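Notes follow once the structure below has been shown.
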Amino acid sequence: MDTITAPATAPVRSAIAVLRISGPETKEILQRVFRGRKKQLKPRVMHFGQFIADGGILDEGLCVFFPGPASYTGEDMAELSCHGSPGVIQALLDAILEAGARMAQPGEFTRRAFLNGKLELTQAEAVIDLIDSETKAAARNAAAQLDGALGKRIDALRTELIGLSAHFGAVIDYPDDDIPEFITEHAQEVLDRVSESLRGLRESFRQGSLLRDGAVCVLAGRPNAGKSSLLNALAGEERAIVTPVPGTTRDVVEARIELGGIPVRLMDTAGLRETEDPVEKLGVERTERALRAAQLILAVYDGTEALFERDIEEIDGCPVIAVVNKEDLGVKLDVKTLKEHFRVVITVSAATGEGIDELRAAMARALRVNEIIPDGTMVTNPRQAEVLSRAYAAAKRAADALRMGMTPDMVLADSEEAVSILGELTGRSTTEDVLGAIFSRFCVGK
Ligand code: GDP
């Protein structure tokens, strides 16, 4: 293993920057680039001193040495805090590279932590999610995943399946013996329960992905209905250009808001009006694309105008809230008919702010943000969701096979497949574990 280094902070002018080093040569490199007030670098103690580059003093700052394995990566590591000027950062980095380190690849410190068994995969993924989190809820969830909340749940399910394999493995080894009824019953109970848990975990991704990636909410409706104004009212700042000429919002204009800890991207669109104007046409195409990506649609109506049948369009699989705007001018629109088509109809005035809080509450309900519990046990990442789908399918097959009276080896094959797939989640190896569990359950002498 070689020694790697990289700045841990952004390469912009700031008060302090942190550089990291990890690998067997860490200590030697420190001796060349850091001159501490004290001769000895006590492990895990912050030392004040000078950074040395090209034989001269480059900066002064702090240095901590973490001898492995009690470090983030499990290897010898160091963190150097220097002044955050791009010049100092580059010079110190060059000095470290010259002393024998190489530039780390993206995520390489965490990768080493995983390889050295300091983290399992879901925890390594949580590190990235924690860094990327945009809201407090997302950060809390990632921190809980880093603490192992999801990994522990998955491991518990995996352990149950391994236990089952041990039972069944023993049965297959002695095919002449009848399988005791209680073993079959127990196996059925375990397989049903585990596959149900896996399905639940997989399902949690629908809401969990909102926690990590947020939701897209598209404002659709006729030109001049007040979409831009509504976007601004929701965002509480001037984001979109508002003009009284129909069709002037040609681009998709965005604003970011937060609903119950979920980042929501509001996208104001050009509307779906048929048009010959090429610029506006482009906008309509963008609108259609935005609508397909949406988790929530606000169908915005001008309350001062009559309702046309063609204005009501059902959109499959995506909740729609009908928003009747311009309440301050008096509503002439037939709200009753609208209510026949949309489950949720909210009357607002983008101009005065009337009804905007109710609209926010309705949006939060439509996105089911109350079901999002940021305790780290929801699946937030598409890789994990994909693995869980496969693990669930395998566990379900095992449960169904047993119920249909298939032979133990067939049940076992599916159950072991589920174990192996679940191993992909936390990154463990599997077959060795299965064997270990089988042998540990054997009586001595058998
Ligand atoms: P868009 O084309 O759907 O984005 O509509 P705009 O947001 O540009 O609004 C069109 C016109 O309606 C502008 O002149 C707005 O000032 C006006 N407008 C929008 N919302 C309201 C409202 O709630 N009350 C009143 N009185 N005027 C509004």
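The values are calculated or read from the model by the stated rules, or taken from the named source; none is laboratory data. None of the values given here were measured: they were computed from a predicted structure. Cβ: placed from backbone, ideal geometry, glycine included. Neighbour counts: every protein chain shown. Areas reflect the complete protein model, heavy atoms only, side chains present, ligands, DNA and RNA absent. Shrake-Rupley method; radii C 1.70, N 1.55, O 1.52, S 1.80 Å.
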*Return a yes/no flag: does segment 329-341 have any residue that is within 16 Å of the ligand (Cβ to nearest atom) and among the basic types (K, R).*
yes
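Report whether or not A351 is open to solvent by 20 Å² or more (accessible area, probe 1.4 Å) and on the phi < 0 side of the Ramachandran plot.
yes
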*Where residues in segment 211-222 are modelled with pLDDT of 90 or more and away from the ligand (no atom under 16 Å from the Cβ), which of them is most open to solvent (accessible area, probe 1.4 Å)?*
V216
*closer than 20 Å to G214 by Cβ and out of contact with any strand residue (DSSP E or B) (no Cβ under 6 Å at 6 or more places or on another chain): does that describe D400?*
no
*From the residues in segment 127-159 that are of a type in the set (D, E) and in a helix (DSSP H, G or I), which one is nearest to S415 (Cα to Cα)?*
D155
*Within segment 163-176, can one find any residue that is within 16 Å of the ligand (Cβ to nearest atom) and more than 17 Å from the chain's Cα centre (by Cα)?*
no
*Looking at segment 112-126, which of the residues that are out of contact with any helix residue (DSSP H, G or I) (no Cβ under 8 Å at 6 or more places or on another chain) and in a helix (DSSP H, G or I) is most open to solvent (accessible area, probe 1.4 Å)?*
L115
*Tell me, yes or no, whether segment 332-354 has at least one residue that is part of a helix (DSSP H, G or I), within 17 Å of K227 (Cβ to Cβ), at pLDDT 90 or above and not hydroxyl-bearing (S, T, Y).*
no
*List every residue pair whose Cβ atoms sit under 6 Å apart, with the two residues 6 or more apart in sequence or on different chains, where the first one lies in segment 39-58 and is more than 24 Å from D94 (Cβ to Cβ) and the second, anywhere, is in a loop (DSSP other than H, G, I, E, B) and at pLDDT 95 or above.*
P43/P67
_Matching residues in segment 360-402 - criterion: being among the polar types (S, T, N, Q) and under 19 Å from E125 (Cα atoms)_ = T377, T380, N381, Q384, S389
*Being modelled with pLDDT under 90, in contact with a Pro (Cβ under 9 Å, 6 or more places away or on another chain) and open to solvent by 10 Å² or more (accessible area, probe 1.4 Å), is that true of even one residue in segment 223-242?*
yes
*From the set of residues in segment 60-110 that are among the acidic types (D, E) and surrounded by 19 or more Cβ atoms within 10 Å (Cβ to Cβ), which is nearest to the chain's Cα centre (by Cα)?*
E75
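Of all the residues that make up segment 179-194, how many are touching a residue at least 40 places away in the same chain (Cβ under 8 Å) and either open to solvent by less than 20 Å² (accessible area, probe 1.4 Å) or within 14 Å of R390 (Cα to Cα) (or both)?
Quick first cut of segment 179-194, residues touching a residue at least 40 places away in the same chain (Cβ under 8 Å) only: 179, 184, 187-188, 191-192, 194.
Going one step further and asking which of them are either open to solvent by less than 20 Å² (accessible area, probe 1.4 Å) or within 14 Å of R390 (Cα to Cα) (or both), we end up with 187, 191, 194.
Going through segment 179-194 one residue at a time, the tally reaches 3.
Consider segment 1-56. How many of its residues are in a strand (DSSP E or B) and exposed (fewer than 11 other Cβ atoms within 10 Å of the Cβ)?
The initial filter retains those residues of segment 1-56 that are in a strand (DSSP E or B), namely 4-7, 14-22, 34-36, 43, 47-53, 56.
Next cut, exposed (fewer than 11 other Cβ atoms within 10 Å of the Cβ) only: 15, 56.
Looking only at that region, the number is 2.
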*Looking at A78, A104, which one is touching a residue at least 40 places away in the same chain (Cβ under 8 Å) and within 27 Å of Q384 (Cβ to Cβ)?*
A104
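Does S197 meet the test of being open to solvent by 20 Å² or more (accessible area, probe 1.4 Å), away from the ligand (no atom under 12 Å from the Cβ) and modelled with pLDDT of 90 or more?
Numbers: open to solvent by 20 Å² or more (accessible area, probe 1.4 Å): yes; away from the ligand (no atom under 12 Å from the Cβ): yes; modelled with pLDDT of 90 or more: yes.
So S197 passes the test.
Identify all residues within segment 47-89 that are in contact with a Ser or Thr (Cβ under 6 Å, 6 or more places away or on another chain) and aliphatic (A, V, I, L, M); write none if there are none. Spell out how you get there, then give the answer.
Here is the first cut: in segment 47-89, the residues in contact with a Ser or Thr (Cβ under 6 Å, 6 or more places away or on another chain) are 61-62, 73, 75-78, 84.
Matches in segment 47-89: L62, M77, A78.
Determine whether segment 267-279 contains at least one residue that is modelled with pLDDT of 65 or more and either assigned to a strand (DSSP E or B) or over 20 Å from A215 (Cβ atoms) (or both). Give the steps one after another, and end with the answer.
Here is the first cut: in segment 267-279, the residues modelled with pLDDT of 65 or more are 267-269.
Among the residues that remain, those that are also either assigned to a strand (DSSP E or B) or over 20 Å from A215 (Cβ atoms) (or both) are: 267-268.
The answer is yes; a qualifying residue exists.
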